[in-house]
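The values are calculated or read from the model by the stated rules, or taken from the named source; none is laboratory data. Note that the structure is a prediction, hence the values are computed from the model and not measured. Here the Cβ positions follow ideal geometry from the backbone for every residue, glycine too, while neighbour counts run over all protein chains shown.
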Amino acid sequence: MKITHVDCHVLTDPDPDLSATSSAQDDIVVEIHTDNGFTGIGEADVNPWIARACITAPGSHSMGQSLTDLLVGEDPREIEELWDRLYVGSAMNGRRGAVINAIGALDIALHDLLGKINDVPAYTLLGTAVRDHVVPYASLQPETDNFDAYQETLVRWALDAQARGFTAAKPSVTLDGPYAHRGLREPWSRATELIGALRAALGDDFTLMIDVQYAFPDADTCLDVMRDWRAFDLYFVETPLASDDIGGYYRVATEQNIPIAAGEWLATRFEFEPLIERGCISIAQPDIGRVGGLTEARRVARMADRKGLRVIPHLWKTGISVAAATHFAAVTSNCPFVEYLPPDLSASPLRQQLLTREPQMIDGVIPLPTEPGLGVELDRDSLRRFADAADQLLARSARRR
Ligand SMILES: [Mg+2]
């Protein structure tokens, strides 16, 4: 059995808002085909044109090979060996960043493919199931340009999530920093006020996580503000500091008691290693595609487990990533939650319309998939429509230059 070819689909919403902070508006979807008629599907959360170039570019020397050429002709059943082959063969251009994100999409597709070939759900390829359902938390990120609307929307959405059966939610309380929504800039006392309003509305039994999206300028400010958040019983605070401020993370993790989560941007276990080994975080948050796929996410989970840490995948993409995270959590004992954006709470048509089949939340949980592979099915009409939208965006961009 051999891999015959790889298709890359660059997709965008029909009218993406380029100023919005949501990366759910675009996608790179890959399909890996075999000579006996099987196809595996994967995706990653990265600029899709860059990822496509990473996959389809020809190689030019032995340490800068083509990812497609490294796969074609290979047996798809040896997934870990294929991951290492892609990593080493692209090492001079890759090792981190977009090349690893692209390898992540391919690795997810290989798991879908092998599950279909073996006629088993993909999680059985990763290990033994440690649960019969996965617990999603609702990820809430409104796009508004003033504080009152932001607070009103977040509290309303959180209550809506609770009414839908979610037992946990993570509102983005991002009132400063690079992710601040539509120029929203407020003093930190407003963030404290907003988190207090969320806790009061949701009651004491609901799991509340807060994402501040790299908003604090330094560890001192962060420690000062988070002292006021101790009363809110937060499950974690996500990415308080810039991603590369490892020293700052160490201080925030060790000088106060609210658990710190980070890792959504990181590629490979090697980028997680300093955070995990030096005690800078309590929760590792690999994005399954971005970290390098299910193979690499499992390596991160094992590294975290050895330190007694939890791992809760980041997820802001389509049902393909929902499926990947569900299969990951099925076999990962230190994974109590997965991030989840309900399609009907998303502003993105891509999130809502790309698939005809994906794992569903039922009574607040996602039961383990039973179909072969990931258990997702592409809607071919939607795929064409989103690919056309991406082509138009590319043409508009070219005309402006
Ligand atoms: Mg985040």
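Some observations on this one:
- The range 159-191, residues that are more than 16 Å from the ligand (Cβ to nearest atom) and either in a helix (DSSP H, G or I) or small (Gly, Ala, Ser) (or both): LEU159, ASP160, ALA161, GLN162, ALA163, GLY165, ARG182, GLY183, TRP188, SER189, ARG190
- Every residue from the range 323-342 that is within 16 Å of the ligand (Cβ to nearest atom) and not aromatic (Phe, Trp, Tyr): ALA325, VAL338, GLU339, LEU341
- Of the numbered criteria (1) at pLDDT 95 or above; (2) surrounded by fewer than 22 Cβ atoms within 10 Å (Cβ to Cβ); (3) touching a helix residue (DSSP H, G or I) at 6+ places or on another chain (Cβ under 7 Å); (4) not assigned by TED's automatic domain parsing to the domain that holds ALA57, the one VAL134 fails is (2).
- Per the listing ALA109, ALA122, ALA129, the residue uniquely in contact with a strand residue (DSSP E or B) (Cβ under 7 Å, 6 or more places away or on another chain), closer than 28 Å to ALA169 by Cβ and in contact (Cβ under 8 Å) with a residue 24 or more places away in the chain is ALA122.
- Top-ranked residue in the range 359-380 [being part of a loop (DSSP other than H, G, I, E, B) and in contact with an Asp or Glu (Cβ under 8 Å, 6 or more places away or on another chain); ranked as farthest from ALA129 (Cα to Cα)]: VAL376
- Just one residue in the set LEU223, LEU234, LEU184 is more than 15 Å from SER172 (Cα to Cα) and surrounded by fewer than 22 Cβ atoms within 10 Å (Cβ to Cβ); that residue is LEU223.
- Criterion: free of Cβ contacts under 8 Å to residues at least 40 places away in the same chain and hydroxyl-bearing (Ser, Thr, Tyr) - qualifying residue of THR192, THR207, THR268: THR192
- Residue identified as of a type in the set (Asp, Glu), in the same structural domain as GLU31 (by TED's automatic domain parsing) and closer than 17 Å to ILE288 by Cα among ASP75, ASP107: ASP107
- Residues (at pLDDT 95 or above and hydrophobic (A, V, I, L, M, F, W, C)) located in the range 3-20: ILE3, VAL6, CYS8, VAL10, LEU11
- If you check LEU159, LEU126, LEU106 for being aliphatic (A, V, I, L, M), under 19 Å from the mean Cα position of the chain (by Cα) and surrounded by fewer than 22 Cβ atoms within 10 Å (Cβ to Cβ), only one passes: LEU126.
- Of all residues making up the range 369-401, the number that are closer than 23 Å to PHE38 by Cα, of a type outside the set (A, V, I, L, M) and within 21 Å of the chain's Cα centre (by Cα): 4
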